[in-house]
């Protein structure tokens, strides 16, 4: 009876072989390290040396040739390497783009805070200037004291 009353709104448990669980962050970091290595002069030098040795061996060692001209096996190896390198490089670029986007958002937030701080300080400076406009200056005080002194002298005379 429980078989007949299965819930149709929920998927069944998966059957058969299951794909291995792969940590996306670890795989992404690994792919970035491979992509970085593909862009080095060391990789290009090693690959060039390997191709020269491969072609030289297949031209000179007539009896041991395993990949005669037009070097189909070498071509297949390069095609396979390119088929794996391109997605790894794209994955590394996507991860870098994500990091750049997050960094740009952080920079934007920091810039907005800096602008808000600068506006606050400008308002405070303006308030201080307005407040200082009402303060008696030394020259004004001297001129008033001199006027009072003259007035006092005129009354006494």
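The table that follows gives values for the structure above.
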read-out: Sites residue 23 and residue 83 - FRET efficiency at Förster radius 25 Å, r taken between beta-carbons, to 0.05; value: 0.60
read-out: Helix axis angle, 41-60 relative to the chain longest principal axis, alpha carbon, degrees; value: 20
read-out: Computed FRET value (nearest 0.05) for residue 146 with residue 125, which takes r as the C-beta separation and R₀ as 30 Å; value: 0.35
read-out: Helix 24-38 axis, angle to the chain major axis (alpha carbon atoms, nearest 10°); value: 80
read-out: Within the chain, helix-based [θ] at 222 nm, where runs of 4 or more DSSP H residues each add -39,500 (n - 2.57), nearest 500; value: -26500 deg cm²/dmol
read-out: Most mobile listed residue (86, 97, 41) in the chain, GNM with C-alpha springs under 10 Å; value: 41
read-out: Acute angle (nearest 10 degrees) that the helix 72-133 long axis makes with the longest principal axis of the chain, alpha-carbon atoms; value: 10
read-out: Global form of the chain, assessed from the alpha-carbon gyration tensor, a/c cut-off 1.5; value: oblate
read-out: Computed over the range 24-152: relative contact order in percent, which uses C-alpha pairs under 8 Å that are six or more apart; value: 27
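Any read-out appearing in this document is the output of simple, stated calculations on the displayed coordinates, not a laboratory observation. None of these values were measured; they are calculated from a predicted model. No Cβ is skipped: glycine too gets one built from the backbone with ideal geometry, and neighbour counts run over all protein chains shown.
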